[in-house]
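Asks: I have a structure here, written as structure tokens, and I will follow up with some questions on it.
The values are calculated or read from the model by the stated rules, or taken from the named source; none is laboratory data. The structure presented is a predicted model; accordingly, all values stated were derived computationally and were not measured. Ideal geometry is used to build each Cβ from the backbone, glycine not excepted, and the neighbour counts take in all protein chains shown.
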Amino acid sequence: MMIPTRRRKPVAVAALIPKNTQTLLRKTIAVVALLAAAVGYVVVTPGNGLAQGFEDVALFQEAINSNFFGVDARAMSMGNAGIVTARDGSALIFNPANLARIRRIEARGGFTHLRLANETQWFHNGSILDGERDLNKSRINAASLTMPVPTYRGSLVFAFGVHRINSFDRAFEVEIPDTIRPNYETSVGRELETGSMWKWSAGGAIDISPRLSVGGALHLLTGGDEYSWTREYMHVSNVQQNINLNNAIDIDYLGVGATAGLLYQVSPEFSTGFTVETPSFIQAEERFESVLDTNFSNYEWFETSFSEYSIRRPLTFAFGLAGQFERLTVAGDVRYRDWSQLDFNYEDDFLPDSREDQFIQDNLKESISLHLGGEYLFPDQGVSLRAGYYYDPLPISSDFIESNRQYFTVGGGFLIDRVMTVDVAFARGGYELRDFEPGDYFADYKTSRIFLTFAYRI
């Protein structure tokens with residue numbers, strides 16, 4: 001199951017690799033590039049060359065489409081629920097209608113730290129082959145400016161901000177037996193991926209009645225993804241005979257989107273919200289490079305190519321409900337998106353549209369994420385304590401999932417001199433992947449995320 005993009009022929013053909021393996025290698029890299037950029041999860045048919053390193057399945061984690069990384073410490077500590085409770089610049093992402101509840105000018109910024117741990121097991125001929133790799137990344141995550149406009153009645157608020165909505169940071173390692181090449185007993189495959197998708201947003205909200213607020217935001221999406229796959233083939237007796245394969249993919253993104261939302265005060269205790277995010281249209285420019293070299297020869301095989309394609313991501317619907325009971329706030333969100341409606345368009349068609357559509361229909365599905373959280377306020381101390389949970393399923397067939405994405409969250413907020421707030425959150429969770437027929441391949445991903453957000457209010 002592959003969707004290769006158009007590739008130029010290699011400059012030279014490596015004599016060390018069988019011809020069918022070279023073909024499979026190029027096609028596999030094409031699939032990795034395209035789906036890392038657009039689908040977020042890749043299914044690779046087993047075979048020789050690079051595909052064998054993944055056995056039956058290679059699923060890209062935390063990639064562009066289905067994983068919302070989080071943009072605010074308060075929301076994250078409450079299970080990433082913010083449709084009703086986001087009352088700062090993060091409302092541009094969660095629900096622009098919430099901007100109408102902001103009464104003071106606010107400048108806000110945020111940072112994140114990610115720790116990812118990968119453990120892989122491959123059961124082969126009665127033995128267990130292990131792989132393990134960690135990754136740590138600290139990044140700026142958000143910046144926004146919110147400006148209420150004086151009105152005689154109701155509220156009118158404008159906001160501008162930039163938020164890092166997707167993280168591409170990922171690491172993977174696996175040891176692979178080599179059953180094809182004589183005199184080569186094993187190989188070690190390593191993946192490293194890094195990058196981000198950003199939303200540059202401008203929005204506003206207004207009260208249209210004492211209980212109902214509406215808002216909207218326009219988004220410019222920018223970002224980049226840097227992916228590398230290295231594989232070293234180990235000779236049985238002479239390390240000087242080892243073979244090294246290095247592949248690199250760099251992708252730049254540029255797109256547009258919009259969000260509309262409403263917020264309704266049902267009663268003094270309860271509020272509800274609803275948002276619709278329009279389809280996002282993203283243009284991708286991809287550069288691919290592959291190098292094969294050896295320790296025993298000056299010969300080098302080199303391939304490079306460039307391709308362009310556009311991606312249309314489907315609509316997103318979200319509903320939120322929150323209750324305020326004196327010092328206790330409880331919130332819950334539900335988000336829905338049908339990934340089978342994902343669409344690709346190529347500058348130079350390589351395969352008929354029916355092949356591409358069939359791949360999406362066979363492998364992608366709808367997803368419903370659930371977010372729950374609570375906050376308890378200690379007003380005399382200016383301190384809030386928070387906790388939450390969210391379930392964010394992978395939008396792929398359950399045949400490839402051993403355990404789905406879920407996270408537990410905790411955090412707190414601190415009011416400093418009535419003009420500054422500091423919020424911190426910690427989220428811990430992950431998921432486990434497997435091959436189509438469970439029992440041969442497992443890849444366990446665990447992530448820890450720390451969020452720190454500062455806001456100054458005038």
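Asks: Among (1) within 25 Å of G257 (Cα to Cα); (2) modelled with pLDDT under 90; (3) among the aliphatic types (A, V, I, L, M), where does L370 come up short?
Replies: If we test L370 against (1) within 25 Å of G257 (Cα to Cα); (2) modelled with pLDDT under 90; (3) among the aliphatic types (A, V, I, L, M), just (2) comes out false.
Asks: For segment 266-287, does any single residue satisfy the condition of being over 22 Å from A202 (Cα atoms) and in contact with a helix residue (DSSP H, G or I) (Cβ under 7 Å, 6 or more places away or on another chain)? Working first, answer last.
Replies: Restricting attention to segment 266-287, the residues satisfying the condition of being over 22 Å from A202 (Cα atoms) are 266-272, 284-287.
The next check asks that each one be in contact with a helix residue (DSSP H, G or I) (Cβ under 7 Å, 6 or more places away or on another chain); those that pass are 284, 286.
Yes, segment 266-287 contains at least one residue that is over 22 Å from A202 (Cα atoms) and in contact with a helix residue (DSSP H, G or I) (Cβ under 7 Å, 6 or more places away or on another chain).
Asks: Additional query: State all residues of segment 322-335 that are assigned to a strand (DSSP E or B), surrounded by fewer than 14 Cβ atoms within 10 Å (Cβ to Cβ) and touching a strand residue (DSSP E or B) at 6+ places or on another chain (Cβ under 8 Å); if no residue qualifies, say none.
Replies: Step one: list which residues in segment 322-335 are assigned to a strand (DSSP E or B), which gives 322-325, 328-335.
Remaining after also requiring surrounded by fewer than 14 Cβ atoms within 10 Å (Cβ to Cβ): 325, 328.
Within segment 322-335, L328 is the sole residue that qualifies.
Asks: Next question, about the same structure. Checking N238 against (1) more than 30 Å from Y346 (Cα to Cα); (2) crowded, with 16+ Cβ neighbours inside 10 Å; (3) without any contact (Cβ under 8 Å) to a residue 40 or more places away in the chain, which single condition isn't satisfied?
Replies: Condition not satisfied by N238: (2).
Asks: For segment 359-397, what are the residues that are of a type in the set (F, W, Y) and over 30 Å from E326 (Cβ atoms)? Don't jump to the end; show me each part of the working.
Replies: So in segment 359-397, the residues of a type in the set (F, W, Y) come out as 359, 376, 378, 389-391.
F359, the sole residue that qualifies.
Asks: Still on this model: Which one of the conditions (1) surrounded by fewer than 23 Cβ atoms within 10 Å (Cβ to Cβ); (2) of a type outside the set (G, A, S); (3) at pLDDT 90 or above; (4) in a strand (DSSP E or B) does K199 fail to meet, given that it meets all the rest?
Replies: Exception for K199: condition (1).
Asks: While we're on this one: Tell me which of these H113 doesn't satisfy, since it passes every other one: (1) more than 28 Å from F94 (Cα to Cα); (2) out of contact with any Gly (no Cβ under 8 Å at 6 or more places or on another chain).
Replies: H113 satisfies all of (1) more than 28 Å from F94 (Cα to Cα); (2) out of contact with any Gly (no Cβ under 8 Å at 6 or more places or on another chain) except (1).
Asks: Do you know which of the residues in segment 126-185 that are modelled with pLDDT of 85 or more and not in a strand (DSSP E or B) is surrounded by the most Cβ atoms within 10 Å (Cβ to Cβ)?
Replies: For segment 126-185, the residue satisfying everything is F168.
Asks: So if I check each of T146, T151, T186, which one is of a type in the set (S, T, N, Q) and within 30 Å of the chain's Cα centre (by Cα)? I'd like the intermediate steps shown before the answer.
Replies: Details: T151 fails: within 30 Å of the chain's Cα centre (by Cα); T186 fails: within 30 Å of the chain's Cα centre (by Cα).
After ruling out the rest, the residue left standing is T146.
Asks: Moving on to the next point. Taking D417 as meeting all but one of (1) on the phi > 0 side of the Ramachandran plot; (2) crowded, with 21+ Cβ neighbours inside 10 Å, write down the number of the exception.
Replies: (2)
Asks: Among residues belonging to segment 422-454 that are out of contact with any helix residue (DSSP H, G or I) (no Cβ under 7 Å at 6 or more places or on another chain) and hydroxyl-bearing (S, T, Y), point out the one that is modelled with the lowest pLDDT.
Replies: That would be Y441.
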